[in-house]
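Below: the structure, in structure tokens.
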Amino acid sequence: MSNVASFEASQKRSEQLTADIALHPENYTMLTGDRPTGRLHLGHYFGTLKERVRMQDAGITTRIVIADYQVITDRDTTDQIQDNVYNMVLDYLACGIDPEKTLIFTHSQVPALNQLMLPFLSLVTESELHRNPTVKAEMEASGHELTGLLLTYPIHQACDILFCKGNVVPVGKDQLPHIEITRQIARRFNNRYGQVFPEPEGILNETPEIPGLDGRKMSKSYGNSIMLSATEEETAKRIKKSPTDSTREVFYDKEERPGVSALLTTASLCTGRSEDEIAAEIGEAGSGALKAYVTESVNDYLRPIRTRRRELEGDLGYVKQVLREGNERANEIAEQTLSEVRSAMGMLY
Ligand code: TRP
């Protein structure tokens, strides 16, 4: 299948799944995760966090991995990692992830999960690993040599998903190849050793790409993002400095006016109003007025999240407890799955 055709097929399947999940949430286990490389921003919020909270509250079993080992796929240091992990938990909790409902754990603390890597690696070939387009793109973007860990990271992700028998994974388009390899691993394992794993499916985000303040994808490395943890003043400064153009009238045109359009989309996401409606209201008042409107919309929207975050920042003991309990529970689940795996493989002594 061509890439376009397979993307359309994924999109269609994703819509069917979403409909079935709404009817039978109890049949689904969602797993997703993040690399702890920095604070979460508005792009993460609208791209995935909001949806995670929705799924959690809809009665789906929800699990989030903080993928600390993935940080060293393409960088040489783990300085900051502990701080990043705690801040990530703070961001989750502030956004409404409820540790009573959603399991939050760190990859490095769950040995039995990582042990799935060995049998799983035997189920993929070297050429399959090298063929993964996302791995190639990530290697090029990082400017780092291809490490063995980066080459095999889709297999790690398969371990993350399958250790808890996750059957739905909310993903961006670029992660679809990893879901495919996870499905292959599950299928090949089940065929070879007997049924243990589900074949998980990807659910495509409805808001696939959130623009950063310059119109490119919102990303920490582009310096175009609004952090959830930023203060209102920092947010105002960021927005003030964002690039616009010399046309006075405000209107939406993503191709010709990426800066103005990104600001309109940001305000639209935070207010629920359409870009055109906001643009029409501001009109000839120009980009200064637009920026003031965007600043207010973002700060109003994030205020309760930020207030909650500040409260939690004062209680690091609680954050650590959430992780400790999450890791404990993740270990129980992983041990159980690993024991099914050993038994399917006849490795019982
Ligand atoms: N690779 C994902 C990212 O960079 C994080 C991640 C780790 C993940 N394990 C996962 C996502 C399993 C989905 C499923 O953000």
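The values are calculated or read from the model by the stated rules, or taken from the named source; none is laboratory data. Because the structure is a prediction, the values reported are computed rather than measured. Glycine gets a Cβ as well: all are built from the backbone with ideal geometry, and neighbour counts include every protein chain shown. Accessible surface is based on the protein model in full, side chains and every heavy atom, while ligands, DNA and RNA are left aside. Shrake-Rupley method; radii C 1.70, N 1.55, O 1.52, S 1.80 Å.
When you go through (1) within 13 Å of the ligand (Cβ to nearest atom); (2) surrounded by fewer than 18 Cβ atoms within 10 Å (Cβ to Cβ) one by one for residue 136, which number turns out not to apply? Among (1) within 13 Å of the ligand (Cβ to nearest atom); (2) surrounded by fewer than 18 Cβ atoms within 10 Å (Cβ to Cβ), residue 136 violates only (1). Taking the conditions exactly as written (open to solvent by 20 Å² or more (accessible area, probe 1.4 Å) and touching a residue at least 24 places away in the same chain (Cβ under 8 Å)), does residue 187 satisfy them or not? It is false that residue 187 is open to solvent by 20 Å² or more (accessible area, probe 1.4 Å) and touching a residue at least 24 places away in the same chain (Cβ under 8 Å). What number of residues in the range 45-62 are touching a residue at least 40 places away in the same chain (Cβ under 8 Å) and either farther than 22 Å from residue 325 by Cα or not β-branched (Val, Ile, Thr) (or both)? Counting residues in the range 45-62 that are touching a residue at least 40 places away in the same chain (Cβ under 8 Å) and either farther than 22 Å from residue 325 by Cα or not β-branched (Val, Ile, Thr) (or both) gives 11. Looking at the structure I just gave you, is residue 57 of a type in the set (D, E, K, R) and over 12 Å from the mean Cα position of the chain (by Cα)? Yes. Can you tell me which residue in the range 169-181 is farthest from the ligand (Cβ to nearest atom), limited to those that are open to solvent by less than 30 Å² (accessible area, probe 1.4 Å) and over 13 Å from residue 63 (Cα atoms)? Selected residue: 181. Assessment of the range 108-129 against the conditions (acidic (Asp, Glu), away from the ligand (no atom under 14 Å from the Cβ) and outside any helix (DSSP H, G or I)) yields no matching residue. So residue 141 passes all but one of these: (1) within 15 Å of residue 71 (Cα to Cα); (2) of a type outside the set (Ser, Thr, Tyr); (3) open to solvent by less than 60 Å² (accessible area, probe 1.4 Å); (4) within 15 Å of the ligand (Cβ to nearest atom). Which condition number does it fail? If we test residue 141 against (1) within 15 Å of residue 71 (Cα to Cα); (2) of a type outside the set (Ser, Thr, Tyr); (3) open to solvent by less than 60 Å² (accessible area, probe 1.4 Å); (4) within 15 Å of the ligand (Cβ to nearest atom), just (3) comes out false.
Set side by side, the residues 194, 215 differ, and just one is at positive phi and modelled with pLDDT of 95 or more, which is 194. Of the residues contained in the range 150-163, none is found to be farther than 17 Å from residue 200 by Cα and open to solvent by 60 Å² or more (accessible area, probe 1.4 Å).
Among 129, 121, 103, 113, which is the only one that is in contact (Cβ under 8 Å) with a residue 12 or more places away in the chain and open to solvent by less than 10 Å² (accessible area, probe 1.4 Å)?
On the way: 129 fails: open to solvent by less than 10 Å² (accessible area, probe 1.4 Å); 121 fails: open to solvent by less than 10 Å² (accessible area, probe 1.4 Å); 103 fails: open to solvent by less than 10 Å² (accessible area, probe 1.4 Å).
Result of the check over 129, 121, 103, 113: 113.
Inside the range 20-47, can you point out the residues that are farther than 20 Å from residue 152 by Cα, open to solvent by 30 Å² or more (accessible area, probe 1.4 Å) and within 13 Å of the ligand (Cβ to nearest atom)? If you could, list the steps in order and put the result at the bottom.
Step one: list which residues in the range 20-47 are farther than 20 Å from residue 152 by Cα, which gives 20-30, 38-47.
Now restrict to residues that are open to solvent by 30 Å² or more (accessible area, probe 1.4 Å): 20, 22-24, 26-27, 39, 44.
Matches in the range 20-47: 44 only.
Residues that are over 21 Å from residue 305 (Cα atoms), outside any loop (DSSP other than H, G, I, E, B) and away from the ligand (no atom under 11 Å from the Cβ) within the range 48-76 comprise 61, 72, listed in sequence order.
Kindly provide the set of residues from the range 91-100 that are part of a loop (DSSP other than H, G, I, E, B) and either open to solvent by 70 Å² or more (accessible area, probe 1.4 Å) or among the hydroxyl-bearing types (Ser, Thr, Tyr) (or both), ordered by number.
Keep residues of the range 91-100 that are part of a loop (DSSP other than H, G, I, E, B), which gives 96-100.
Result: 100, single match.
Among the conditions (1) open to solvent by 10 Å² or more (accessible area, probe 1.4 Å); (2) within 13 Å of the ligand (Cβ to nearest atom), the only one that residue 166 does not satisfy is (1). Whenever a residue of the range 63-77 is open to solvent by 10 Å² or more (accessible area, probe 1.4 Å), its partners that are of a type in the set (Asp, Glu) and away from the ligand (no atom under 11 Å from the Cβ), lying with C-beta atoms within less than 9 angstrom and at least six residues away or across chains, give the pairs 74/145.
Would you confirm whether any residue within the range 147-155 is part of a helix (DSSP H, G or I), within 19 Å of residue 28 (Cβ to Cβ) and of a type outside the set (D, E, K, R)? Looking for residues that are part of a helix (DSSP H, G or I), within 19 Å of residue 28 (Cβ to Cβ) and of a type outside the set (D, E, K, R), one finds none in the range 147-155, hence no. Checking residue 59 against (1) at positive phi; (2) touching a Cys at 6+ places or on another chain (Cβ under 6 Å), which test does it fail? Only one criterion in (1) at positive phi; (2) touching a Cys at 6+ places or on another chain (Cβ under 6 Å) is unmet by residue 59, namely (2). Only residues that are in contact with an Asp or Glu (Cβ under 9 Å, 6 or more places away or on another chain) and either modelled with pLDDT under 95 or polar (S, T, N, Q) (or both) were counted across the range 263-282, and they come to 3.
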